[in-house]
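J.: Pasting a structure below so you can have a look.
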Amino acid sequence: MLMRKTLRQLSLLVVGLVLTGPLYAQRSALTVDKIMQDPDTWIGSWPGVPFWSEDGETLYFRWNPMGAFPGDSLFMVPRSGGEPIQLTPDQRRNLGPTFSGWHHEEHVYDGSFRRKVYAQRGDLYFHYRDTGQTVRLTRTRRYESSPRFTPDGTGIVFASENNLFRLDLDAQTLTQLTDLRSGKEPGDPKPDAQAKFLEEQQTALFDYIREQQEEDALREDAQERDEESANPPTTFYLDGRNPAQLRMDPSERFVTFVITGGASTKRTAGMDYVTESGYAEERQARPKVGRSYGMSTLYIQDLARDTTFSVDLHQIEGAYDVPRYLADQGVTVDSAETKRELYSFGPFWNGDGSLAVLEVRARDHKDRWLARLDAASGELTTLDRQHDDAWIAGPGISWFGGGSDGGWLPDGRHFWFQSEASGYSHLYTVNVETGVKAQLTSGAFEVFSPQISRDGTRWRFTSTERSPFVRHLYEMPIAGGARVPLTTMPGRNIAAISPDGEMLGVLRSFTTQPPEVYLQASGSEPARITHSQTEAWLAYPWRVPETIHFEASDGVMVPAHLFTPAESNGAAVLFVHGAGYAQNVHDGWSSYYREYMFHNLLTDLGYVVMQLDFRASSGYGRDWRTAIYRHMGGRDLQDYVDASQYLQQRFGLEAERIGIYGGSYGGFITLMALFTEPEHFGAGAALRSVTDWAHYNDPYTSNILNTPETDSLSFARSSPINFAEGLEDPLLMPHGILDLNVQFQDIVRLGQRLIELGKNDWEIALYPVEGHGFQESSSWRDEYRRILKLFEQTIGN
């Protein structure tokens, strides 16, 4: 088989050298040069997500129509509609706060919602919502952040230089609430033996020295009494460590902060060769998977008792459980001696400070707890435990180390959160006093970005209830119940709700239409505000691909987009999206819009083009997401093998005339396809591809494969470099030298491996000024010229 494929590829290469070019130009109105030019001038610069003014009278959005406005340009449109107006630089700089939802428990607004406090460029501001007046409260060289009103509205609490302060609005006095200091706790130096002898001798011999010591002691006592009468904050020495998540409860009794120590400092680096100085310059980058994050400790300062203590996170149920993959290896844990590494987010206080919720995560990614925190004792009571033998994630549930979505209902007794307990990420509440939970949404769909209305009676959230390919904004009663769609346009809808809840600013896109801004009054049809596309781009009849489901080898129906040519050339190309956990089969404008245009060009040239939401993709629930656990290049790759077989059966194609390509995770799948399943593919282009997962970052990789030192099998069977001897087909590998994500070292190591194996028909294309996501049109053009040439000269003839 290998000899037959090699002879065929050599013959196709000769034919391709003769035929590529003139016929290509005649078969399509598109060219690589055209579709890979600057999208602002070719497609038209589309607007960003809109946002409302605090009074709800103006909708803002960032936009650069036709590339006419260099840099950051902000536009506005009145609530009543009309033509967009560009703000002047002075108007933009003095814009003031914008509306981002009603955050009931955070005290960003006062109790009447009349005033708002916010930070901008390191200073604090007041905004009066009824008059539109903005007042600057601070003008300092220090950086002030995270302001909130005190519950009675008479003061503002904010953070600055790792400490908390309160500004009294009536008395205009500033009080320091915490005293976290960077150094070590001072102490009397311990004298050596000689110094101790001399000091004791001097004290015994001389009245003068004894009198001086007594006076010093009296002064120190008086100073301590003065300080105590001034009620200073409790001092805590950080010993060179930086505090994180510095918070104070609304009653101003409890301060909480997190300190992490002992983290790994070893990082990777890249090299920049095209520099202004003419010297190669090193670029610092991320650590590799398996890094140590250090021990994370949550501290509570009880200001009423003048004491600081740490919270034992391991008191919660399941803290000592052994992950299944380790238990399968025979690992056991003695709960008295060994602890899983845990860390926390919060606490999140209700409005009056009577209740607090803490989110606790396991560093092995298998557990997430929500617990009620008794700040006086440090006691934790479990409210919800989410466990997954693979890893905890899903919409509204962070899986890269940050805190998840969640918050208090206006009653101050119920806390809302999202969970994949049902198999899909849905909305839940828990009564923090009783522990009673309620699931508010259910079904084979996912919920995104929940918000609560100002009056606290309704939810608004985006979901895929109608279809995994469409997103709409819905409204639902606060206790759950019927969900009413607020947006109706086909495609993807990202909606910004006005403060009064009566207007929507919608960023809507469709497969063939980049995002545009619409205004929609409650119960009315949306009105389009922006028109961004150029006449040249609109002149081409862009295709809406057919959305299909094909049956995979395990019986599961896999969603896909299919581009079918009017006249087939007998070849097909499979595209693999990046990130793994992403979605490309949907009815909105694709983030892979360059690839979308390239697929139209390929279809014009006679290729069938197919793109999948393979196992690991987002939008299809927990089981779809975790199907690659401990084996990337397993079920996800098998979906592409099955897709190849589907194309062969439906269109009568030969496997040798089916190409595959993709970037990042898509490049990784391409390598695994050509290295481990070569009989199903004829050529491939692996762009900026991961070649060895042991060299990728920790937050992403350790979720899926655990760590190299604890699960070497998962890394061995998931890394293309270990299977390079299986290469039989032509392979192109473009990579940016400045890629600090999937680093240049990845492709260099694989190149050396292929050299040592004596492999032919492969090449690496280097892009000296590009990182992981290309920026220069010339780089995109060169890269896709090479990809098209590869397919035309191999599978395309």
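The values are calculated or read from the model by the stated rules, or taken from the named source; none is laboratory data. Just so we're clear, the structure is a prediction, and the values are computed from it rather than from any experiment. Methodologically, a virtual Cβ is constructed for each residue, glycine included, from the backbone with ideal geometry; neighbour enumeration extends over all protein chains shown. Only protein heavy atoms, including side chains, enter the accessible area calculation; ligands, DNA and RNA are left aside. Shrake-Rupley method; radii C 1.70, N 1.55, O 1.52, S 1.80 Å.
J.: What is the set of long-range amide H partners of ASN741 at a cut-off below 5 Å, with H atoms built 1.01 Å from backbone N?
T.: Answer set, sorted by chain and number: HIS772.
J.: For the charge dipole of the range 371-492, defined by +1 on Lys and Arg C-beta atoms and -1 on Asp and Glu C-beta atoms about the Cα centroid, which residue among HIS387, THR487, SER419 has the Cα displaced farthest towards the positive pole?
T.: THR487
J.: Pairing the Cα long axis of helix 2-19 with the longest principal axis of the chain, what angle in degrees results, from 0 to 90 and rounded to the nearest 10?
T.: 80
J.: Spelling out what I want: for every residue of the range 748-758, take phi, set θ = phi - 60°, compute 6.51 cos²θ - 1.76 cosθ + 1.60 (Karplus), and round to whole Hz; glycine and proline get x.
T.: Karplus-based 3J(HN,Hα) across the range 748-758 equals 5, 5, 5, x, 5, 4, 5, 4, 5, 7, x Hz.
J.: Ok, one more. Per residue of the range 624-636, in order, report the coupling 6.51 cos²θ - 1.76 cosθ + 1.60 (Karplus, θ = phi - 60°) as ³J(HN,Hα) in whole Hz, putting x for Gly and Pro.
T.: For the range 624-636, the Karplus-derived couplings read 5, 4, 9, 5, 9, 4, 6, 7, 6, x, x, 5, 5 Hz, x marking Gly and Pro.
J.: On to the next question. If you place +1 on the Cβ of every Lys and Arg, -1 on the Cβ of every Asp and Glu, and leave all else neutral, what size is the dipole of the range 503-552 about its Cα centre, to the nearest 20 Debye?
T.: Numbers: 3 positive and 5 negative charges, 29 e Å.
Dipole magnitude for the range 503-552 comes out near 140 debye.
J.: Give the angle, between 0 and 90 degrees and rounded to the nearest 10, that separates the Cα long axis of helix 777-793 from the longest principal axis of the Cα atoms of the chain.
T.: Relative to the chain, helix 777-793 is tipped by roughly 40 degrees.
J.: Something else about it: Over the range 145-212, what is the mean sequence separation of C-alpha contacts under 8 Å (at least six apart), divided by residue count, expressed as relative contact order in percent? Before the final figure, lay out the partial values.
T.: On the way: 62 pairs, mean separation 10.6, N = 68.
Relative contact order comes out at 16 percent.
J.: Related question: Between ALA566 and LEU326, what is 0.36 nm times their sequence separation minus the Cα-Cα distance? Round to one decimal in nm. Mind showing how you got there, number by number?
T.: Details: separation 240, 0.36 × 240 = 86.40 nm, distance 5.36 nm.
Taking 0.36 nm per residue and subtracting the Cα distance, the gain is 81.0 nm.
J.: Which net charge results for the neighbourhood of ILE494, defined as the other residues with beta-carbon distances under 13 angstrom from its beta-carbon, given Lys and Arg at +1 and Asp and Glu at -1?
T.: On the way: positive: ARG460, ARG471, ARG492, ARG508; negative: GLU516.
Once positives and negatives cancel, what remains is +3.
J.: How far apart, in nanometres, would the label points at ASP221 and ASP239 be if each is projected 7 angstrom from Cα along the Cα-to-Cβ direction?
T.: Taking the simple label geometry, ASP221 and ASP239 are separated by 3.3 nm.
J.: Quick one: net charge around THR626, please, counting Lys, Arg +1 and Asp, Glu -1 for every other residue with C-beta under 13 Å from its C-beta.
T.: Values: positive: ARG324, LYS366, ARG615, ARG622, ARG625, ARG630, ARG635; negative: ASP388, ASP389, GLU420, ASP623, ASP636.
With Lys, Arg at +1 and Asp, Glu at -1, the net is +2.
J.: Evaluate E = 1/(1 + (r/R0)^6) for ILE755 and THR268, where r is the Cβ-Cβ distance and R0 equals 25 Å; express this FRET efficiency to the nearest 0.05. Kindly include the intermediate steps, with their values, before the conclusion.
T.: On the way: r = 23 Å, r/R0 = 0.92.
My answer for the efficiency is 0.65.
J.: Going toward the positive end of the dipole of the chain, with +1 on Lys and Arg Cβ and -1 on Asp and Glu Cβ, which of TYR299, SER449, VAL77 do you reach last?
T.: The one lying farthest along the dipole's positive direction is VAL77.
J.: How high is the relative contact order of the range 456-600, in percent, counting Cα pairs under 8 Å that sit 6 or more residues apart?
T.: Reported relative contact order: 18 percent.
J.: Another question, then. Could you sort 419-429, 572-582 so that the peptide with the highest average Cβ count within 10 Å comes first and the rest follow in order?
T.: Highest to lowest by the protection proxy: 572-582, 419-429.
J.: Any idea which of SER509, VAL436, HIS472 is furthest toward the positive side of the dipole for the range 414-517, if Lys and Arg beta-carbons carry +1 and Asp and Glu beta-carbons -1?
T.: SER509
J.: Run the quick spin-label model on GLU776 and ASP170: label points 7 Å from Cα toward the beta carbon, then report their separation in nm to one decimal.
T.: Taking the two extended label points, one gets 6.4 nm.
J.: Given a 1.4 angstrom probe, what's the average accessible area per residue across the range 620-749, in square angstrom?
T.: 25
J.: Mind listing the phi-derived Karplus ³J(HN,Hα) values for the range 261-276, rounded to whole Hz, using 6.51, -1.76 and 1.60 with θ = phi - 60°, and x for any glycine or proline?
T.: x, x, 6, 5, 10, 6, 10, 8, 8, x, 10, 9, 9, 9, 10, 5
J.: Could I ask something else about it? What is the packing order of peptides 464-477, 158-171, taking the mean over residues of other C-beta atoms within 10 Å and listing the highest first?
T.: In descending order of packing, they fall as 464-477, 158-171.
J.: Relative contact order of the chain, please, whole-number percent, based on alpha carbon pairs below 8 angstrom and at least 6 residues apart.
T.: 11
J.: Taking the Cα centre of the range 639-769 as origin, sum charge times position over the Cβ atoms of Lys and Arg (+1) and Asp and Glu (-1), and report the length of that vector in debye to the nearest 20.
T.: Charge dipole of the range 639-769: 240 debye, to the nearest 20.
J.: I'd like to compare 258-271, 686-699: which one has the highest average count of other Cβ atoms within 10 Å, and what's the full order after that? Write out the running numbers ahead of the final one.
T.: Values: 258-271: 13.6, 686-699: 23.9.
Taking the mean over residues of other Cβ atoms within 10 Å, the ranking is 686-699, 258-271.
J.: How far, in degrees from 0 to 90, does helix 665-676 lean away from the longest principal axis of the Cα atoms of the chain, to the nearest 10?
T.: 50
J.: Which percent of the accessible area of the range 333-445 is formed by carbon and sulfur heavy atoms (probe 1.4 angstrom)?
T.: Values: 1840 of 3900 Å².
Carbon with sulfur: 47 percent of the solvent-accessible area.
J.: Place a +1 charge on the Cβ of each Lys and Arg in the range 460-501 and a -1 charge on the Cβ of each Asp and Glu, then give the dipole magnitude about the Cα centre in debye, rounded to the nearest 20. Numbers along the way, then the final one.
T.: Working: 5 positive and 3 negative charges, 34 e Å.
Taking the Cα centre of the range 460-501 as origin, the dipole is about 160 debye.
J.: Carbon and sulfur: what percent of the range 473-589's accessible surface (1.4 Å probe)? Before the final figure, lay out each step's value.
T.: Details: 2390 of 4410 Å².
Ligands and nucleic acids excluded, carbon and sulfur give 54 percent.
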